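Below is the structure I would like to discuss, written out as structure tokens.
The values are calculated or read from the model by the stated rules, or taken from the named source; none is laboratory data. Note that the structure is predicted; figures quoted are calculated from it, not measured. No Cβ is skipped: glycine too gets one built from the backbone with ideal geometry, and neighbour counts run over all protein chains shown.
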Amino acid sequence: MLAVVPPPVTVRVPSKVNLHLDVGDVREDGYHELTTVFQALSLTDEVTVAVADEPGVEVHGEGATNVPANAKNLAWRAIDELARHVGRDPVKANIRVIIRKGIPVSGGMAGGSADAAAALVALSALWRLELGRDDLATIAGAIGSDVPFVLHGGTALGTGRGERLVPVLSRHTFHWVLAFDRRGLSTPRVFTELDRLRAEGDPPRVGAVEPVLEALASGEPRQLALLLGNDLQAAAVSLRPGLRRTLRAGVDAGALAGTVSGSGPTCAFLCEDADAALRVAAELSGAGVCRTVRVAHGPVPGARVIGGDDAP
Ligand code: ATP
């Protein structure tokens, strides 16, 4: 009897920007206690999971040469984790993962986490697993701190390592310009640099999170712009001093405000509306302060199957 091979499943998954990132004390497990507000952005990766002749991973697109195409890839780790959860072997099942990257690698926008979240949704659709979003979120949290958020999407308040999420009311579509740097920054290195800066002095700390939640509920970009804040920014700028110039150039180009996204080095600029974002992007491209400029909007949904019979 011929085995029926299921058709490939493709999932689109957002990146994230942190509108507010409060880094607290180091915990016993070595992680810092975080309070953060995430927003999912329309800058996306696409991940296809298929049954193929050869199992494995392939990576194409933005920064692909800096991404491992082997078992270290976060998308493969997610495949492995989910397969173990249901007692199957992804190699024996000839699972192949094809990643098309739009999210910068080591850019502070959760690119690897996004691929992991997408792989979970795609494999679960390919194998028609009857898992709820909560089951997937639990597996996602075991893979990495940002994986549950990109699975979920929208706007959310994250606590713990960032993996405990509460959805946040956000009435408005916000328009962003993203400036990619020439090279990435390692997230652990940026946290270590923050610890060093704090041991030596008193780098700036973000204020309370409540006003950020109020600004999101009001939908006023000007109000939100005044409140963007990231405790990791000082550390990212200390490791990559050129970011100061990028942040200034975005505001000079007409953005309401700029912030380093997560651990950086991508800088995210909040703009008044879609037209303003296009103008800021054009001017920033000409300023020669970064490698690539993109426009994006948020909030957008989390990892979702696109096309085919499984589309929502
Ligand atoms: P975060 O914002 O969650 O701190 P990041 O966006 O700064 O993360 P990633 O792009 O997730 O960083 O990559 C971090 C590291 O993970 C890099 O060294 C990269 O080689 C590795 N990596 C493993 N799998 C992937 C993947 N699928 N996509 C991107 N990077 C991956």
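Between residues in the stretch 150-171 that are surrounded by fewer than 16 Cβ atoms within 10 Å (Cβ to Cβ) and residues that are assigned to a helix (DSSP H, G or I), which pairs lie under 7 Å by C-beta distance while being six or more apart or on different chains?
As it stands, the answer is Leu169/Leu216; Leu169/Ala217; Arg171/Ala217, since those pairs meet every condition given.
Separate question: Looking at the stretch 3-21, I want the residues that are more than 11 Å from Thr48 (Cα to Cα) and have a partner that is outside any strand (DSSP E or B) and basic (Lys, Arg) with Cβ atoms under 8 Å, at least 6 apart or on another chain. Which pairs are those?
So the pair list comes out as Pro6/Arg128.
Within the group Gly262, Gly286, Gly250, which residue is in a helix (DSSP H, G or I), touching a residue at least 40 places away in the same chain (Cβ under 8 Å) and not aliphatic (A, V, I, L, M)?
Answer to the selection: Gly250.
When Ala83 is evaluated against the numbered criteria (1) out of contact with any His (no Cβ under 9 Å at 6 or more places or on another chain); (2) among the hydrophobic types (A, V, I, L, M, F, W, C); (3) modelled with pLDDT under 95, which criterion, by number, is the only one it fails?
Checking Ala83 against (1) out of contact with any His (no Cβ under 9 Å at 6 or more places or on another chain); (2) among the hydrophobic types (A, V, I, L, M, F, W, C); (3) modelled with pLDDT under 95, the one that fails is (3).
Can you name the residue in the stretch 7-55 that is touching a Phe, Trp or Tyr at 6+ places or on another chain (Cβ under 8 Å) and not polar (S, T, N, Q) and is also surrounded by the most Cβ atoms within 10 Å (Cβ to Cβ) among such residues?
Lys16
Residue-wise test of (1) within 28 Å of Asp273 (Cα to Cα); (2) within 15 Å of the ligand (Cβ to nearest atom); (3) not assigned by TED's automatic domain parsing to the domain that holds Arg294.
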site	(1), (2), (3)
Arg164	no, no, yes
Arg182	yes, yes, no
Ser186	no, yes, no
Leu194	no, yes, no
Glu210	yes, no, no
Gly219	yes, no, no
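With respect to Asp181, is the statement that it is within 24 Å of Pro241 (Cβ to Cβ), of a type in the set (Asp, Glu) and modelled with pLDDT under 95 true?
No: the conditions fail for Asp181.
Another question, if that's okay. Among the candidates Ala255, Ala276, which residue alone is in a helix (DSSP H, G or I), on the phi < 0 side of the Ramachandran plot and buried (at least 16 other Cβ atoms within 10 Å of the Cβ)?
Checking each option against the conditions leaves just Ala276.
Of the residues Val190, Val105, which is within 17 Å of Tyr31 (Cα to Cα) and either away from the ligand (no atom under 15 Å from the Cβ) or among the β-branched types (Val, Ile, Thr) (or both)?
Going through Val190, Val105 in turn, the sole match is Val190.
Could I ask something else about it? Quickly run through the stretch 72-102 and pick out the residues that are of a type outside the set (D, E, K, R), more than 30 Å from Arg294 (Cβ to Cβ) and either over 21 Å from the mean Cα position of the chain (by Cα) or within 11 Å of the ligand (Cβ to nearest atom) (or both).
Ala83, His85, Val86, Gly87, Pro90, Val91, Ala93, Asn94, Ile95
Still on this structure, I have one more. Checking Lys72 against (1) closer than 19 Å to Gly184 by Cα; (2) in contact (Cβ under 8 Å) with a residue 24 or more places away in the chain; (3) surrounded by fewer than 21 Cβ atoms within 10 Å (Cβ to Cβ), which single condition isn't satisfied?
Condition (2) is where Lys72 drops out.
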